[in-house]
Amino acid sequence: MAVLLPTTLVGSYAQPDWLIDRKRLSERFPPRTRAKELWRVSDEWLEQAQDDATLQAIREQERAGLDILTDGEMRRESYSNRFATALEGVDIDNPGVALDRSGHPNPVPRVTGKIRRKHPVQVRDVKFLRANTDRQIKITVPGPFTMTQQAQNDFYKTEEEMALDYAAAVNEEIQDMFAAGADVVQIDEPYLQARPEKARQYGVKVLNRALEGITGTTAVHVCFGYAAIIHGRPNNGYAFLSELSGCTACQISIETAQSHLDCSVLTDLANKSILLGVLDLSTREIESPETVAERIRRALPYVSVDRLIIAPDCGLKYLPRDVAFGKMKAMADGAAIVRKELASKA
């Protein structure tokens, strides 16, 4: 039987200190090129260590009571760079420069040829996750629009042309992810919000190319950036949201806790399920289950309960592990409160 108000992470969980140098990670913008210096484990043992950390992330999600599990993105230096730097046509040894969403220059992959997927990048991650839990599983992949904004284009005539090739590579990866056992695949597209003018030109077009022919459950995550890095939130909410009603993804993942989003905007996405962000990641204070429940209730007038999935605002990557677990547990317990209330009214 389907669970009402199922709970899940957006993607990342807090990596252990023995795996990655969290202090160095927190002192920089999320890397777009490879940042192997962040790992505390030598190359010889790194995959094994990442597997062990993934097992810990799985068990902690199960212990917290989550319904749909991710791998916690334990193998990634950032949400996007593992996939983006594995593609053909990208020079990662001689990086370029692009402005990050805070307006500062950041080293990025330099596109010097046609973007193609050379081989599966995260399919082993799906297989490992599937083999180690009997719950539903979700895997995340960076979106084509976001990767385009995080690259220096030295090859294509237009950004849109480059984005469509990124989309073709993402499409191939998603097909293989579902074949490997994923129940949900989430495309991370935070730059749809960060660059709304360009997003209106071709964002939905390239997103739909990435989802072309895909029949499994898909989600798109759009946020205002990691709260540990991007502190402010716009007063007028999302600059690019209602446009996603035209994409072919099944679910749209948004943040509402830190941004205090007016949930009435969700009526513009009546054809989508909503991954409702209910954890404020700008603070290490662990919400009470009742606080989470109240944030869920705020959305109920605008989204039918059967279309709601409960999630954090964004990834938990930058939080201490005890805080990340506490917030995750509060999220599951808060969803249980509302679930019980709805059952009593039925």
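Bear in mind these aren't lab numbers, they're just calculated from the coordinates by the rules spelled out. Predicted, not measured: the structure shown is a model, and the values here were computed from it. Quick reminder, even Gly has a Cβ in these numbers, built from the backbone with ideal geometry, and neighbours come from all protein chains shown.
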With springs only between Cα atoms under 10 Å, which of Ile274, Ile252, Ile214 fluctuates most in a Gaussian network model of the chain? Ile214
Once fully extended, how much extra length lies between Arg24 and Lys127, figured as 0.36 nm per residue of separation less the alpha-carbon to alpha-carbon distance? 34.1 nm
Determine, from the Cβ-Cβ distance of Asp306 and Arg40 and an R0 of 41 Å, the FRET efficiency 1/(1 + (r/R0)^6), rounded to the nearest 0.05. 0.40
Projected onto their principal axes, the Cα atoms of the chain stretch, largest extent first, over whole-Å spans of 60, 44, 38
Förster radius 45 Å - calculated FRET efficiency between Glu88 and Asn271 (Cβ-Cβ, nearest 0.05): 0.80
Mean separation of Cα contacts under 8 Å, 6 or more apart, over the residue count of the range 255-346: relative contact order %: 37
Rounded to the nearest 500, what is the 222 nm mean residue ellipticity of the chain from helices alone, with -39500 (n - 2.57) per DSSP H run of 4+ residues and division by all residues? -11000 deg cm²/dmol
On a C-alpha basis, how far is the centre of the range 109-181 from the centre of the range 58-83 in Å? Whole number, if you could? 17
Out of Lys205, Lys272, Lys36, any idea which swings most in a Gaussian network model of the chain, alpha carbons joined below 10 Å? Lys36
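Give, rounded to the nearest 20 debye, the magnitude of the charge dipole that the range 22-345 has about its Cα centre when Lys and Arg contribute +1 at Cβ and Asp and Glu contribute -1 at Cβ.
Value, rounded to 20: 220 debye.
Over 32 Å between C-alpha atoms is what I'm after, so list which of Lys127/Lys157; Lys198/Lys327; Lys114/Lys138; Lys205/Lys345; Lys127/Lys340; Lys114/Lys198 land there.
Exceeds cut-off: Lys127/Lys157; Lys198/Lys327; Lys205/Lys345; Lys127/Lys340.
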Apply the Karplus curve 6.51 cos²θ - 1.76 cosθ + 1.60, θ = phi - 60°, to the phi angles in the range 184-190 and return the couplings in whole Hz, x for Gly and Pro. 9, 10, 10, 9, 8, 10, x
